[in-house]
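Heads up: the structure comes next, in structure tokens.
Nothing in this text is a laboratory measurement; each read-out follows from the coordinates by a stated rule. Computed from a predicted structure; not experimentally measured. Ideal geometry is used to build each Cβ from the backbone, glycine not excepted, and the neighbour counts take in all protein chains shown.
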Amino acid sequence: MVRYRTDTRTRTVEKAARIIFSLCAFTAVAAVFSITIYMIANGVPAVLQAGWKEILFSSVWQPAAQEPSFGILYVILTSVVGTFLAVLLGVPIGLFTAVFLAEAAPGWLAAVIRPAVELLAGIPSVIYGVLGMMILNPFMYRLEQRIFADSWTHQFTGGANLLSAVIVLAVMILPTVISISEAALRAVPPELKASSLALGASPVETIFQVTIPAARSGILAAVVLGVGRAVGEAMAISLVSGNAVNLPLPFCSVRFLTTAIVSEMGYAGGLHRQVLFTIGLVLFVFIMMINGILSSILKGEKRQ
Amino acid sequence: MRKLKDDVLLCLIYLAAFFAEFLLIGILVYVFVKGFPHISLHFLTTVTSVLEGTVGIAGNLVNTIYMVVLTLVIAVPVGIGSAVYLNEYARPGKMVRLIEFTTQTLSGIPSIIFGLFGMVFFGVTLGLGYSILTGAFTLSLMVLPLITRNTQEALKTVPESYRSGAIGMGAGKWYVIRTILLPSAMPGIMTGIVLAVGRILGESAALLFTAGSGYFLPRSLGGWFHKMVESGGTLTIQLYLSMEKAQYDIAFGIAAVLLCMVFCMNLLTGLLSNKLGDTTDGRG
């Protein structure tokens, strides 16, 4: 009798454990599902009310005007151009550092630089913003004064411009790009390198013509992750980019998708607030596309 | 010509690596030189008040601790549970792929989106408003993938013979998980937790519209409990706000404190991964 009872008890406990664990596992599914629903439910109403042409393809952003206008074309363009430039600047440096860590570095030097990269990844994004604001912006301002000394039309920004934001973003994606591409370079089979060296290629030629091409899908994944990080970064660039809605030109004060939300969500109401959610939805769509690309790259890599 | 090309490329490789190194050293030196003069016992133990003429970050420190603890209390059990399910219960198939895909997606969503979602879901729909609890719920979704993935990796290193041996002796699955698998996976779980703490310490975009920016200390004993449903800005939020208000002294003081914390977290991760390396080595 006693034995029977413990048996049912164990069985109940086992069953309960199974159910609880599966519930935990479904939290992630539920979270992604409800984030998607909420972003759509909050982002679409403004589009229906103001018209998608007025929002997505108009460049006039005057949310507080008598006849408000909510064109976010420049904001979208700024995010696209800013991310593209940041990746253009950050990826070569990151890839070369990864090559250094995986192939070229003597052991002790790699042991100094790898922790530095890890620490760079841990620095809060606001601190990057602070440094950009205190060091980069004054420098940019001096540059601006020199370049536009004779210009009548240029609006001076005090150095808070697209270029500053791009540099800060490029620095911020470095750790991601470095660590993922280093892993990809290390996964290249040593036989490949050995045969290249045996055929008379120099070590550097081997790196650039054998190892990097062989690791290309991993490096691509690193680039895509870097793009995702740059598109989604908010606080750092909101401190350095000046925050006016402008065409993304190097010395213009600009506003990104993320910084548009940060700078106005605090006080916006009504349609203005809904448009900010539309901006969030646009950002979310970008991120989901990047995620899709990333997972197809990773799948392709597995199949190889 | 070939030699020259090689040398130029090699030079670029070294330059890139040294750029990363000097970037870090530059950041550390700049922040510490500008920040340390402002850090004092007074700075750490008082609250900024115009009336009393004090400048301090005690309230933000307390908020940060609340945020870290609450987020971990929510995220760690769920994350571990999710990893246990994926590794020990689920059979490979559509369900596992869906869970792993959503976990990966979750880690790719930028924090500002988490902030928007947290604001409307936890803040408005669940009625928590601007509070530390809203922030903690939001952040726990954000750090969930970190904990799940690290626990999963650790569970994978536990040899199959442990499971079959224990089950063969008549132990139930839950008993095996509780007494054998989770203790063996401890270093991996700890790594996940430390990484999560680092992420929480540095987070700002997801907290600005969920946890708000309150910086006062509770006045009474009950206030310490009530604080969870009050607005509270972490150190990072205060740093951002001080920067916007051009209070650079406070900003650099906070930045130096934050960097010290991040530094400690990095050291801990290093120690833990050494330990993890040892345990897996020991078991062959």
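Mind running the shape call on the stretch A:228-288? Use the C-alpha gyration tensor, a ≥ b ≥ c as the square roots of the eigenvalues: rounded below 1.5 for a/c, prolate if a/b tops b/c, oblate otherwise. Oblate shape, in that a/c is at least 1.5 and b/c is the bigger or equal ratio. Listed values for the stretch B:145-153 are Karplus-derived 3J(HN,Hα) couplings in whole Hz (6.51 cos²θ - 1.76 cosθ + 1.60, θ = phi - 60°), namely x, 4, 6, 4, 5, 5, 5, 4, 4, and x replaces Gly and Pro.
Residues whose amide H comes within less than 5 Å of that of B:G56, counting only those at least five positions distant or on another chain, are B:T48, B:S49 (H built at 1.01 Å from N in the peptide plane). Radius of gyration (Cα atoms) of the stretch A:101-178, expressed as a multiple of 2.2 N^0.38 Å: 1.49. Rg then Dmax, both in Å and based on the Cα atoms of the stretch A:125-219: 21.3, 63. The alpha-carbon positions of the protein assembly as shown define a convex hull whose volume is 206 Å³ per residue.
Each 10 Å bin from zero holds the following percent of Cα-Cα pairs in the stretch A:1-104: 11, 17, 17, 18, 16, 11, 7, 3, 0.
Quick one: plug the Kirkwood hydrodynamic radius of chain B (C-alpha pairs) into Stokes-Einstein at 4 °C, 1.567 mPa s, and report D in µm²/s.
Once the numbers are plugged in, D ends up at 60 µm²/s.
Distance from the alpha carbon centroid of the stretch A:1-71 to that of the stretch B:1-22 works out to 47 angstrom. Expressed in Å, the radius of gyration and Dmax of the Cα atoms of the stretch A:175-249 are 18.3, 58. Across the stretch A:73-303, the convex hull enclosing all Cα atoms gives 146 Å³ per residue. Considering helices alone, the calculated mean residue ellipticity of the protein assembly as shown at 222 nm is -23500 deg cm²/dmol, with DSSP H runs of length four and up weighted by -39500 (n - 2.57) and normalised per residue. Computed from phi, the 3J(HN,Hα) profile of the stretch A:124-138 under the Karplus parametrisation 6.51, -1.76, 1.60 (θ = phi - 60°) reads x, 5, 4, 5, 4, x, 4, 5, x, 5, 7, 10, 6, 4, x Hz, with x in place of Gly and Pro. For the pair A:R11 and A:L247, label points projected 7 Å from Cα toward Cβ lie 7.6 nm apart. Computed over the Cα atoms of the stretch B:18-138, the ratio of the radius of gyration to the Kirkwood radius (Rg/Rh) comes to 1.12. Shielding value for A:90-98 is 4, the average number of Cβ atoms from other chains within 10 Å of each residue's Cβ.
Dimensions of the stretch B:134-207 from C-alpha coordinates, computed as largest minus smallest value along each principal axis and given longest first, are 51, 21, 13 Å. Once the chain from A:L23 to A:Q209 is taken as fully extended at 0.36 nm per residue, the excess over their C-alpha distance is 62.1 nm. In the elastic network of chain A, a GNM with C-alpha springs shorter than 10 Å, the most mobile of A:V87, A:V223, A:V13 is A:V13.
The stretch A:244-265 and the stretch A:112-190 have Cα centres separated by 17 Å.
Near the amide H of A:W61, within less than 5 Å, lie the amide hydrogens of A:G71, all on another chain or at least 5 residues away, with H placed in the peptide plane.
Inside 10 Å of the C-beta atoms of A:197-210, what's the mean count of C-beta atoms belonging to other chains? Per-residue shielding by partner chains comes out at 2. For A:M265, no residue whose modelled amide H falls within less than 5 Å of its own remains once neighbours fewer than 5 places apart on the same chain are excluded.
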